[in-house]
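The values are calculated or read from the model by the stated rules, or taken from the named source; none is laboratory data. Quick caveat, the model's predicted, so the values are computed rather than measured. Every residue, glycine among them, receives a Cβ derived from its backbone with ideal geometry; neighbour counts consider all protein chains shown. SASA here: full protein model, heavy atoms, side chains in, ligands and nucleic acids out. Shrake-Rupley method; radii C 1.70, N 1.55, O 1.52, S 1.80 Å.
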Amino acid sequence: MQTIGIYGGTFDPIHRGHLHVINHVLTHELVDYLLVIPSGEPWLREHQPLAGGADRVAMCALAISELPQDIKNRIDVSPLEIDRSGPSYMIDTVEAVQANHPGSQLILILGSDAAEHLHRWHRAGELQELVDVLIVERPDQVPGKGIDIQALPISATQVRAEIVGSANSVAIPPIVATYIKEHGLYGSK
Ligand code: ATP
């Protein structure tokens, strides 16, 4: 049976911490195929994403375009959630992926911070019946709550702070920094 990883997030912007997760799950064959799905309106977050959905999808696609061929062949950046209006519920996303890939096993990939809130997600019980959950430990979180992939201590919050006025951050690939600068995102100049 084919396994499809679902990696959702705001990706505001995508950074090397996300790319490390993506590389790890594919090179270690934890999933056969991976869908990277930037969220439209993340309803549980205090703040909505700063960059628009189309920009976040574009930055994900650029970052992934630089991964080795055998890895990027197994990844799709999906506009599924940004194309949908209303709050981005993962259960709706999972049902849509399931309809497109009948018979596949779906694996929801979450950092240990995001996993803490899983029980509060919309229709959480049904969601957990439809997917397996793979939790990745983040460095700043209590250990032992997920698999240790030597995750990188990077957050998008930190990246956004670094690029104000400069668009420079070692935590994002240069191709993403260039996009940010060209589109004047996050107060870059
Ligand atoms: P922000 O700082 O804006 O809250 P973030 O860096 O946590 O953003 P998200 O887009 O919210 O990034 O994260 C998407 C998913 O990736 C979540 O499941 C999150 O836990 C996970 N994740 C984010 N950064 C890392 C990292 N450095 N290592 C492992 N997992 C991560």
TODO: Name every residue in segment 83-102 that is within 14 Å of Gly53 (Cβ to Cβ), surrounded by 14 or more Cβ atoms within 10 Å (Cβ to Cβ) and at pLDDT below 95, in order of residue number.
DONE: Arg84, Pro87, Ser88
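Report whether or not Asp140 is surrounded by 14 or more Cβ atoms within 10 Å (Cβ to Cβ), within 16 Å of the ligand (Cβ to nearest atom) and not hydrophobic (A, V, I, L, M, F, W, C). Spell out how you get there, then give the answer.
Working: surrounded by 14 or more Cβ atoms within 10 Å (Cβ to Cβ): no; within 16 Å of the ligand (Cβ to nearest atom): yes; not hydrophobic (A, V, I, L, M, F, W, C): yes.
No, not satisfied.
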Task: Residue that is most open to solvent (accessible area, probe 1.4 Å), among those in segment 125-137 that are in contact (Cβ under 8 Å) with a residue 24 or more places away in the chain and outside any strand (DSSP E or B) - done: Glu126
Open item on the list: If I filter segment 15-37 down to residues being touching a strand residue (DSSP E or B) at 6+ places or on another chain (Cβ under 8 Å) and within 8 Å of the ligand (Cβ to nearest atom), which single residue comes out as most open to solvent (accessible area, probe 1.4 Å)?
Closed with: His18
- [ ] Hey, can you tell me all the residues within segment 46-64 that are open to solvent by less than 50 Å² (accessible area, probe 1.4 Å) and either of a type in the set (S, T, N, Q) or in a loop (DSSP other than H, G, I, E, B) (or both)?
- [x] Pro49, Ala51, Gly52
Open item on the list: Of the conditions (1) under 27 Å from Thr3 (Cβ atoms); (2) in contact with a Lys or Arg (Cβ under 7 Å, 6 or more places away or on another chain); (3) among the hydrophobic types (A, V, I, L, M, F, W, C); (4) without any contact (Cβ under 8 Å) to a residue 40 or more places away in the chain, Leu152 satisfies every one except a single condition; which number is it?
Closed with: (4)
- [ ] Go through segment 154-166 and count every residue that is assigned to a loop (DSSP other than H, G, I, E, B) and either buried (at least 22 other Cβ atoms within 10 Å of the Cβ) or aromatic (Phe, Trp, Tyr) (or both).
- [x] 0
TODO: May I ask you to list the residues in segment 103-124 that are away from the ligand (no atom under 11 Å from the Cβ), part of a loop (DSSP other than H, G, I, E, B) and surrounded by 14 or more Cβ atoms within 10 Å (Cβ to Cβ)?
DONE: Ser104, Trp121, His122, Arg123
Task: Contacts under 9 angstrom Cβ, first residue in segment 64-87 being among the hydroxyl-bearing types (Ser, Thr, Tyr), partner open to solvent by 70 Å² or more (accessible area, probe 1.4 Å), 6 or more apart - done: Ser85/Glu41
